[in-house]
Amino acid sequence: MENRWKETMNPTRTNPPRTKTQVFLRGPLCSLWLRILSVVPLTLTLATAACNKPTTAAPADQPTSVAAANTTPEPPATPAAPSPDSAPLPHIDAKRAIEYTREVTAFGPRPMGSDNHKKLQRYIADHLKGDQIEDDIFTADTVEGKFPVHNIIAKFPGKKDGMIVILGHYDTNYPLRNTGYVGANDGGSSTAILLEFANQLRGKTRDGYSVWLAWTDGEEAVKTWSDTDSLYGANHLAGKWEKDGTLKKIKALMVMDMIADADLNIDRNLNGTPWLMDLIYDAATRGGYQSHFYDRQGPIEDDHLPFLKRGVPCADVIDLNYGYNNVFHHTPQDTMDKLSPKSLEIVGNTILETIRLLDQR
Ligand SMILES: [Zn+2]
């Protein structure tokens with residue numbers, strides 16, 4: 001991914017109720033970008049947003065006044081039936097997830113074709129022993145030559161027909177391979193949260209949909225981000241699953257990327273399916289995490305795009321403001337000290353809850 005972005009007011013946004021709105025843009029360093037940026041209004045809304053942020057609108061179907069509710073002491077004639085939302089909130093083991101992140105990051109730079117990349121593949125495989133695995137292996141022909149690419153998919157069966165797919169890339173940037181770049185957040189956190197999801201899913205047949213976890217390879221560009229130099233693994237997997245009929249069975253696909261920033265603000269990626277993004281927000285709200293979601297919105301290119309283009313409902317769960325003005329993104333500053341287990345917990349719990357909500361649809 002590349003990281004040019006800009007914030008501006010988006011007065012048209014209405015759904016769901018969020019008060020701080022920003023549009024950001026990102027993409028390669030190219031003239032197209034500069035042209036796009038030149039037509040975007042330059043209104044920077046941080047001050048406005050800060051003023052608006054304390055407003056927390058209650059959903060229209062919930063009481064907005066506790067005092068008013070208390071003035072009618074009579075109990076309901078019959079006890080309310082337990083709603084589906086009385087289910088306990090799922091939660092991940094955040095300490096374990098941050099430890100995975102630390103171990104993955106400790107391999108060092110992990111670009112396609114490197115020894116560290118192979119070591120990480122073995123590390124992932126070691127954590128998936130006994131699980132049902134699909135390997136998607138091919139050679140990518142790129143502007144920097146040929147690279148071996150290896151997507152790893154772990155499948156956890158459910159009783160309902162269809163599956164929910166969660167993607168997270170495990171490669172780091174080839175162009176940054178000699179800079180000391182270790183991608184703790186970008187590549188590390190996504191690898192780790194999927195390993196923790198596997199722990200949560202393992203050992204039982206789900207009552208809901210099957211859940212497939214895919215560690216994607218070659219998400220990053222080998223030279224400069226473009227339609228042809230990026231998303232190598234996801235493009236291949238989407239094509240493969242289109243041919244064999246798998247895509248039609250996918251109820252929802254979610255990408256985890258850069259989700260461990262201690263200052264967590266998950267973006268509403270407008271390259272996505274609105275109902276699924278709203279469902280994630282509902283899940284976040286159940287956990288009390290909604291202040292970490294969707295303050296900003298804009299289009300982001302990520303591993304979900306090849307699936308979205310083929311009609312799969314998709315959401316990209318990403319915080320593309322990593323450090324002030326995204327200064328840590330794709331730099332040697334992307335290190336463990338910027339991350340927090342709390343952020344992995346917020347995202348992990350929210351996605352497990354989203355899966356539960358998807359099961360009910
Ligand atoms: Zn990246």
*Residue separation times 0.36 nm, minus the C-alpha to C-alpha distance between GLN333 and THR285: what's the value?*
14.1 nm
*Highest first, please rank the peptides 152-159, 297-304, 223-230 by the mean number of other Cβ atoms sitting within 10 Å of their residues.*
297-304, 152-159, 223-230
*Hand me the tally of lysine pairs in the range 171-256: alpha carbons under 24 angstrom apart, and the pair either on different chains or 8 or more positions apart.*
6
*Would you mind checking the radius of gyration and Dmax of the range 250-361 based on alpha-carbon positions, in Å?*
13.7, 43
*Overall dimensions of the range 177-326 as given by Cα atoms, namely Rg and Dmax in Å*: 15.7, 47
*Mind listing the long-range amide H neighbours of VAL211? Cut-off is under 5 Å, sequence gap 5 or more, other chains count too, H placed in the peptide plane at 1.01 Å from N.*
PHE156, GLY158, ILE164
*Send over the semi-axes of the range 304-361's equivalent ellipsoid, whole angstrom and largest first, taken as the square roots of 5 times the C-alpha gyration tensor eigenvalues.*
28, 18, 7
*Step through the residues of the range 270-283 one at a time and calculate ³J(HN,Hα) from phi using the Karplus curve (6.51 cos²θ - 1.76 cosθ + 1.60, θ = phi - 60°), rounding each to whole Hz and writing x for Gly and Pro.*
5, 7, x, 9, x, 5, 6, 5, 5, 5, 4, 5, 4, 5
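Rule-based calculations on the coordinates, nothing more; no lab input. All values reported here derive from a predicted model rather than from experimental measurement. Virtual Cβ from ideal backbone geometry, glycine too; neighbours counted across all protein chains shown.
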